[in-house]
Amino acid sequence: MKGKLYTAGHDINLLKKIDNSGGQFTSEEHAFVVEKEFGTFYSSRDSVLNFSFSRGNYLKFETIPLLMNFVKKNNYSSILSMGSGDCSIEHFLAYCLGENGKVIATDFDSFYVNRAKENFSNITAEYFDFFKDNIASFISDKVKINIDLVVFYGSAYVMDDDVFVKQFSGIKNAGVKAIIDFHGGCLSFRQAWSSKMWETIHDFFKSNPKIKELTRKILLRKPKDSTEKNNYAGKFHGYWRTENELKRLYEKSGWLVAKKSTLPNSYKHIAILTQ
């Protein structure tokens, strides 16, 4: 089971300004919103870290013991992080790996990548767009080293099925040994049914504006302007899936779930994938 996810985690007016008729976030749109809303917080390494952790990224620190135990157990030395955002967690991963390790961070937001290149000298930051780029070619032509482990920090959910299988298959074809997917869009069966129900209701009202307006008048009895913000679902950003649906996509891409895990404060679905 699968459905759409929307984000309202940015300035609503900015989201509406770039909302391309309900289309998914593009790299250009995301970079525009982040720079307009938060650009002043990315002027230095310390300001990035302070701002990033104030927004909750410190919760990702609980992933480091799990990840580093897996890395040390398998004697890995190179990590490629896909969809790294502001690259703050990758900055700390590089310290954990030590001088002989290598961390490459990627994101489709050029603002994040350019600032990471300026602020985090201990990692390599590169632009990569799931929807436009080929990961196997990226590793062979851009990274140019053997990658032991690919990590998705809550980013794989943005991909639809075809892109998901293409990129995960590309990782396999590039000779990567393992993937850790800290998945940000996995729902339980009950959550999935609830989300699907509300998505159906949302789509119904969207396609029937007169019924939507009549329902608003009857139930809310408020002027349109006072509920406009609440009526905006947010910018389409990715997909939620059930665990079984994710497993199907992993296997279709040539990966097996070697271990599943969960963390209390950050990721409820963690899949360690091997070939």
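A short reminder: the numbers here are calculations on the coordinates, not readings from a lab. Keep in mind that this is a model prediction, so the values were computed, not measured. Cβ: placed from backbone, ideal geometry, glycine included. Neighbour counts: every protein chain shown.
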Worksheet item: Summing +1 for each Lys or Arg and -1 for each Asp or Glu, what net charge is found among the other residues whose Cβ lies under 13 Å from the Cβ of Phe38?
Response: -2
Fill in: Normalised per residue, the volume of the convex hull around the Cα set of the range 37-79 (Å³)
93 Å³
Response to the item:
Cα-Cα longer than 32 Å, checked against Lys117/Lys252; Lys4/Lys72; Lys117/Lys172; Lys144/Lys166, kept in input order, equals Lys117/Lys252; Lys4/Lys72
Worksheet item: List the aspartates and glutamates whose alpha-carbon lies under 16 Å from that of Lys235, not counting same-chain residues fewer than 8 positions away?
Response: Asp11, Asp19, Glu28, Glu29, Glu37, Asp109, Asp160, Glu199, Asp203
Worksheet item: Just the Cα atoms of the range 101-176, one point each, no solvent: what log10 I(q)/I(0) does Debye give at q = 0.16, 0.18, 0.21 Å⁻¹?
Response: -0.59, -0.75, -1.02
Practice prompt. Please give the contour-minus-distance gain from Phe131 to Asn74: 0.36 nm per residue of separation, less the Cα-Cα distance, rounded to one decimal in nm.
Written response: 17.4 nm
Discussion item. On a full-extension model of 0.36 nm per residue, what is the gain between Ser261 and Ser47, subtracting their alpha-carbon distance, rounded to one decimal in nm?
Written reply: 73.8 nm
